[in-house]
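Since every read-out is calculated from the coordinates, none of them should be taken as a lab result. Keep in mind that this is a model prediction, so the values were computed, not measured. Cβ placement follows ideal geometry from the backbone for every residue including glycine, while neighbour counts extend to all protein chains displayed.
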Amino acid sequence: MSDEKTIFKKIIDREIPANIIFEDDHCIAFYDVSPQAPVHVLLIPKEEIENVAALQLENKELAGHLLLTAGKVARELGIDQAGYRVVANCGADGGQSVDHLHLHILAGRQLKWPPG
Ligand code: AMP
């Protein structure tokens with residue numbers, strides 16, 4: 001991981017603006033700047049972890065907290081009844097462009113499978 005702050009770390013540190021919809025001691029959720037669905041929210045840990053592949057056993061609680069929070073955010077957004085998708089792109093072939101772990105929460109249209 002490079003020493004330079006990622007765009008998400010800058011959002012956590014309030015150095016650049018974001019449309020934040022949820023925050024607690026461990027994570028923060030905000031709208032994606034380039035939405036791929038009518039609802040597209042990113043949920044990120046405040047701790048700097050590169051991606052799913054970089055998670056360690058010591059991150060077990062945080063990883064669980066992120067998933068539980070994804071469900072909570074979805075309920076608060078009112079998308080839980082119709083359904084939604086939670087995606088974590090990991091590495092180059094996974095399509096990851098920001099090297100800070102994040103869950104995409106996508107909803108508001110029928111999402112296709114397999115993904116492109
Ligand atoms: P990924 O390609 O999985 O790494 O996802 C990174 C996501 O971050 C993309 O969907 C981008 O649109 C989104 N993104 C990049 N910069 C910002 C920003 N400043 N505010 C909100 N979302 C952003």
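Key figures
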read-out	value
Cα Rg over Rh - the range 7-107, Kirkwood	0.93
Principal-axis tilt of helix 60-77 within the chain, Cα atoms, nearest 10 degrees	40 degrees
Span from the the range 4-53 Cα centroid across to the the range 58-86 one, whole angstrom	14 Å
For the range 4-13, 3J(HN,Hα) per residue [Karplus equation, 6.51 cos²θ - 1.76 cosθ + 1.60, θ = phi - 60°, Hz, x = Gly/Pro]	5, 5, 6, 4, 6, 5, 5, 5, 4, 7
Relative contact order (%) - the chain, alpha-carbon pairs under 8 angstrom, separation at least six	30 percent
Residues Phe22 and Gln81, FRET efficiency given R0 of 25 Å [Cβ-Cβ distance, rounded to 0.05]	0.85
Placed amide H near Ile28: partners under 5 Å, 5+ positions off or other chain	Ile44, Lys46
Where GluC sites (Glu not before Pro) in DSSP loops with at most 11 other Cβ within 10 Å are excluded, longest remaining stretch of the chain	16-116
Mean Cα-pair separation over length for the range 25-64, i.e. relative contact order, pairs under 8 Å, 6 or more apart, %	38 percent
In the range 79-116, trypsin sites (Lys or Arg not before Pro) in a DSSP loop with at most 11 other beta-carbon atoms within 10 Å	Arg109, Lys112
Ranked His65, His100, criterion: other C-beta atoms within 10 Å, fewest first	His65, His100
